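Input: a single structure, listed below in C-alpha cells.
The values are calculated or read from the model by the stated rules, or taken from the named source; none is laboratory data. Quick caveat: nothing in here was measured; it's all calculated off a predicted structure. Here Cβ is always computed from backbone atoms with ideal geometry, including for glycine, and neighbour counts include all displayed protein chains.
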Amino acid sequence: MVTVIPKVVNSQYHRTKFPPTLYIMSMIMSTCLFLLKPIFCSFQQCKPMPSILEDPLPYVSVITAPIIFIISLIWLGTACTYPSNNCTQSYNFMEMPSAVFCSLIAGISAVVEVHFSVINRITNDHLTEQWFFSAMISLALCLLHALVAFALQ
C-alpha cells in the first residue's frame, strides 16, 4: 500500500516580491564583484595582471559579473513588467535554467579566485585580500542563485 505524505506547508511565498528581491541582491553583488579589483588596486599596490591572451583566468570574475548582472536585470524587468501574468506567477520555463547557469558560472569564478588566493599564498606567504574578497563574493553569488533556483521550484 502506498501512502502519500501530505504537504506540511500549504502557503506559498509571495511570488511577486521574493525573486525580484533576490535579483536586486544579485545585481548589487555582481556589480561589487566587477568593481572590486579596480577599487582594491587603486588603494593597494597590486602587481599588474597579465594580458587576457597570456592568462585568461584572472579575468573570469570580470567576465562572469556582467553576465550575471544582465541575466538578473532581464528577469527583474520581466517580474516588474508582467507581475500578474500566469507565466510570471508560475515561472517562466527559462528562469530556473538561467538561475542554475548563473550559479554555475559564479561557482566557477569562486573556484578560480580561491585558486589564485592559494597560489598567491604559496608564492608570497600571505593571503591576498583581492582574490579572497572576489572569491567570497563569487561564492555568495553562487549560493544566491542556487536559492533563486530552489525558490522557483
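Inspection of region 64-73 identifies no residue that is part of a helix (DSSP H, G or I) and at pLDDT below 85.
Mind checking which residues of region 78-93 are modelled with pLDDT of 65 or more and in a loop (DSSP other than H, G, I, E, B)? Result: Tyr82, Pro83, Ser84, Asn85, Phe93.
What number of residues within region 58-80 satisfy the criterion of being in contact (Cβ under 8 Å) with a residue 60 or more places away in the chain and aliphatic (A, V, I, L, M)? Final tally of qualifying residues: 2.
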